[in-house]
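In what follows, a structure is listed as structure tokens, so that the remarks can point back to it.
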Amino acid sequence: MISNEIIAIPVAEYHDRMQQLRNEGYDFLESLTGMDWGDSLGVVCHLESTTTGAHIVVKTATEDREHPELPTVSDIWKAAELNEREVYGFFGVRFVGHPDMRRLFLREDWVGYPLRKDYDASPEVNPVRMTNEETLDSTPTYQLNADGKLEEKVNVIFEDGEYVINIGPQHPATHGVLRFRVSLEGEIIKKLDVNCGYIHRGIEKMCESLTYPQTLALTDRLDYLAAMHNRHALCMCIEQAAGIEVSDRVQYIRTIMDELQRIDSHLLFFSCLCMDLGALTAFFYGFRDREKILDIFEGTCGGRLILNYNTIGGVQADIAPDFVRKVKEFIAYLRPQLKEYHDVFTNNVIARQRLTGVGVLSREDAISFGATGATGRAAGWACDVRKRMPYGVYDRVDFREVLFTEGDCFARYMVRMEEIEESMRIIEQLIDNIPEGPYQTKTKPVIRIPEGSYYAAVEASRGEFGVFIESRGDKSPYRMKFRSTGLPLVSAIGTIARGAKIADLIAIGGTLDYVVPDIDR
Amino acid sequence: MEMMKKPQIKSMKYEDFKDNETLEKMAAELRAGGTNVVVGCLDEMIEWGRSNSLWPLTFATSCCGIEFMAVGAARYDFARFGFEVTRASPRQADIIMVAGTITHKMAPVLRRLYDQMADPKYVVAVGGCAVSGGPFRKSYHVVQGVDTILPVDVYIPGCPPRPEALLYGMMQLQRKVKVERFLGGVNRKEPKPDYLKEK
Ligand code: SF4
């Protein structure tokens, strides 16, 4: 478990200290959270060393609310690039030295900074604007000049003569409403600019006015293909903070459910990737088999997609009487199907050619961007939270962390396909041994978390999903931040796609397998 | 919020609404009222064809979109009802299924998609988010229902609606199309909403 102690660093030393930490081996910026502490604005950074596994949490704050400025760390960790833009959009903190200070999620003409505590949320201030947003080819950036003064400069993203095409937000291959602007030279991608926020739902701000049990409802809708995982992470974080014990039975059920969800998500990944690459039959195969998991979920949780199953201290309802039998039947059914998948798609010449050697992400870049999950593991980075910081009953089961070293689209694809098999193995080890016990620990009607800040993470379908809570002892969180699994993936897409063909962007996007509402939150 | 157990439907009893036969009968009556024989028969045929080949736009912003995909896949298979293929271009689509949350940033984009579609076009609001903002109604960045920016023909509540509900909603739309008159004359003219008037 990650220590919840936060080391405060004054703004003046912030950049140097961070560089020093990087040199000490903290090469993975787990999450960067913007904060409004009332009298000051700042950021909290969770760092991890991929060699030793050590964690450290640091924060810095500035008291200037009119023109808050902090030095950037985007030159140290690439993950900070989009995260700092997010903080700028939500809190108005300008990062000095950051190459690109546009708002990440909100429109440029948005009034105010929504995650600040003094934000005016009335609809008169920000009505639904029906005018089309202007897309700019340049961005402001703030640099310190020689005599220590702040200077606003213009950073040009796309030159006038460049051939820029727009993909999205309404495009079948972006898997939702994500928008890219791509500059091309012939067929080759020169530069890629990501534009997020078309499904930014403001979940983090909403959580601040909800009680802890109420906040659970929103996590399922973040990454709906990792609904179980997301809610598991949040429940775990609240349980650890409030000191609530959960029974062994619950841990088993949660672990099994997590793995079923993982298979579900990977099957959907398979279907969609095949469809994007033109193999429509495989899409129907994947969806047909996915329905079987949805039936199992429906029997126990009542929902197919949005499950609302985990609760603080347990789960909503005990598993259905036929749950064990159905899960076993499903596993017996899926094994031969997987072989068929490999026959129809994996070993197909066209599929191989479109995936192998395309869209390579190196291990260093994967760590620097914080691209966890199958993307990181395909590049050889052992980033599985189930192994790094075991939760549930993952420390009691035997499974292999699937690792590849190529880092290309095919490796990402294979990691997911093999993970389905590992997930089945995990389920098989657990399904017959679910211990007796209560499925819900008695909790107080009003749950309060002691003052402090807490972080918990799980391995979701597409990487590390983390929950960061800062509590002031109330029944609702002071700040709740979700470490998105998808945001690092889209931040890396510019690096991955550079030099690739425009048609490869579809394969790259498909194998990164992001879910857009999870990026935008 | 107060739950409405039995929603009031003007000019129809609540029980009737759930009864397919009554609906079919009503549609037939509406059609029969004062139709010219020749044009009426031709009309009927056109609408029969149209209602059975409504092609949706591939449009989904979030969770509901996955259920929409599931309805398109093998088990629920909406091709059975004539929603044959989804079209990726709004120019070729007849209906837009607004599946998922619509945010402030998305609203002008959605409107543009709608404007790009060829007439006659229909809008189906899928899921709580599209109907009213759903679980995110209180958010600063979510549109409180697509009917504030588009004229909606059918509402399908649910979070997400079950595939069966989606199919039912789409069949309701088919009925709606069937009582339309392609060759002149309308049963009841809806006033154009303010937001669609030319500026
Ligand atoms: S109605 Fe529910 S399932 Fe549908 S998009 Fe909204 S939150 Fe997701």
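The values are calculated or read from the model by the stated rules, or taken from the named source; none is laboratory data. Just so you know, these numbers come straight off a predicted model, no measurement behind them. Note: ideal-geometry Cβ built from the backbone for every residue, glycine included; neighbour counts use all protein chains shown. Side chains included, ligands, DNA and RNA excluded: accessible areas come from the protein's heavy atoms. Shrake-Rupley method; radii C 1.70, N 1.55, O 1.52, S 1.80 Å.
For the range B:150-177, name all the residues that are open to solvent by less than 10 Å² (accessible area, probe 1.4 Å) and under 30 Å from A:LEU104 (Cβ atoms).
Step one: list which residues in the range B:150-177 are open to solvent by less than 10 Å² (accessible area, probe 1.4 Å), which gives B:150, B:156, B:161, B:163, B:166, B:169-170, B:173, B:177.
Of everything in the range B:150-177, just one residue is open to solvent by less than 10 Å² (accessible area, probe 1.4 Å) and under 30 Å from A:LEU104 (Cβ atoms), namely B:LEU150.
Considering only residues that are more than 15 Å from the ligand (Cβ to nearest atom) and in contact with a helix residue (DSSP H, G or I) (Cβ under 6 Å, 6 or more places away or on another chain), which ones fall in the range A:208-227?
Correct list: A:TYR212 only.
Find the strands (runs of 3 or more DSSP E) located wholly in the range A:1-110 whose residues include 2 or more that are open to solvent by less than 30 Å² (accessible area, probe 1.4 Å) and under 21 Å from A:TYR454 (Cα atoms), and list them. Spell out the reasoning first.
Values: elements: A:28-36, A:41-48, A:55-62, A:69-71, A:94-96.
Per the criteria, A:28-36, A:41-48, A:55-62.
Within the range A:176-202, how many residues turn out to be within 11 Å of another protein chain (Cβ to nearest Cβ) and either among the polar types (S, T, N, Q) or buried (at least 22 other Cβ atoms within 10 Å of the Cβ) (or both)? Talk me through it step by step, then tell me what you get.
Kept after step one, since they are within 11 Å of another protein chain (Cβ to nearest Cβ), are these residues of the range A:176-202: A:176-179, A:195-202.
Checking the rest, the ones that are also either among the polar types (S, T, N, Q) or buried (at least 22 other Cβ atoms within 10 Å of the Cβ) (or both) come to A:176-178, A:195-202.
Going through the range A:176-202 one residue at a time, the tally reaches 11.
Mind listing whichever residues of the range B:133-147 are at the interface with another protein chain (Cβ under 7 Å from one of its Cβ atoms), open to solvent by 20 Å² or more (accessible area, probe 1.4 Å) and over 17 Å from A:TYR113 (Cα atoms)?
So the first thing to find is which residues in the range B:133-147 are at the interface with another protein chain (Cβ under 7 Å from one of its Cβ atoms), and the list is B:135-136, B:138-143.
Filter once more, so that each one left must be open to solvent by 20 Å² or more (accessible area, probe 1.4 Å): B:135, B:138, B:140.
Across the range B:133-147, the qualifying residue is only B:PRO135.
Take the residues of the range B:116-132 that are open to solvent by 10 Å² or more (accessible area, probe 1.4 Å) and without any contact (Cβ under 8 Å) to a residue 40 or more places away in the chain: which is farthest from the other protein chains (Cβ to nearest Cβ)?
B:ASP119
Is there any pair linking a residue in the range A:278-306 that is away from chain B (no Cβ under 11 Å) and hydrophobic (A, V, I, L, M, F, W, C) to one that is part of a loop (DSSP other than H, G, I, E, B) and within 16 Å of the ligand (Cβ to nearest atom), with Cβ under 9 Å and at least six apart or on different chains, and which?
That search, which allows pairs on different chains as well, returns A:PHE297/A:GLY303; A:PHE297/A:ARG304; A:PHE297/A:LEU305; A:PHE297/A:LEU307; A:PHE297/A:TYR309; A:CYS301/A:LEU307; A:CYS301/A:ASN308; A:CYS301/A:TYR309.
Among the residues of the range A:119-146, write down those that are open to solvent by 70 Å² or more (accessible area, probe 1.4 Å), more than 9 Å from chain B (Cβ to nearest Cβ) and free of Cβ contacts under 8 Å to residues at least 40 places away in the same chain.
Listed by number, the residues that qualify are A:ASP120, A:GLU124, A:GLU134, A:LEU136, A:ALA146.
Determine whether the range B:79-96 contains at least one residue that is within 11 Å of another protein chain (Cβ to nearest Cβ), within 13 Å of the ligand (Cβ to nearest atom) and modelled with pLDDT of 85 or more.
No, the range B:79-96 contains no residue that is within 11 Å of another protein chain (Cβ to nearest Cβ), within 13 Å of the ligand (Cβ to nearest atom) and modelled with pLDDT of 85 or more.
In the range B:102-115, how many are under 16 Å from the mean Cα position of the chain (by Cα) and either within 7 Å of chain A (Cβ to nearest Cβ) or in contact (Cβ under 8 Å) with a residue 60 or more places away in the chain (or both)?
Total meeting the criteria: 2.
Of the residues A:ILE502, A:ILE519, only one is over 30 Å from B:PRO135 (Cβ atoms), touching a Leu at 6+ places or on another chain (Cβ under 9 Å) and at pLDDT 85 or above; which?
Going through A:ILE502, A:ILE519 in turn, the sole match is A:ILE502.
Can you tell me which residue is farthest from B:CYS63 (Cα to Cα) among those in the range B:153-166 that are under 11 Å from the mean Cα position of the chain (by Cα) and among the hydrophobic types (A, V, I, L, M, F, W, C)?
Filtering the range B:153-166 for residues that are under 11 Å from the mean Cα position of the chain (by Cα) and among the hydrophobic types (A, V, I, L, M, F, W, C), the one farthest from B:CYS63 (Cα to Cα) comes out as B:VAL154.
Looking at A:VAL458, is it within 19 Å of A:TYR252 (Cβ to Cβ) and crowded, with 23+ Cβ neighbours inside 10 Å?
Judged against the criteria, A:VAL458 is a match.
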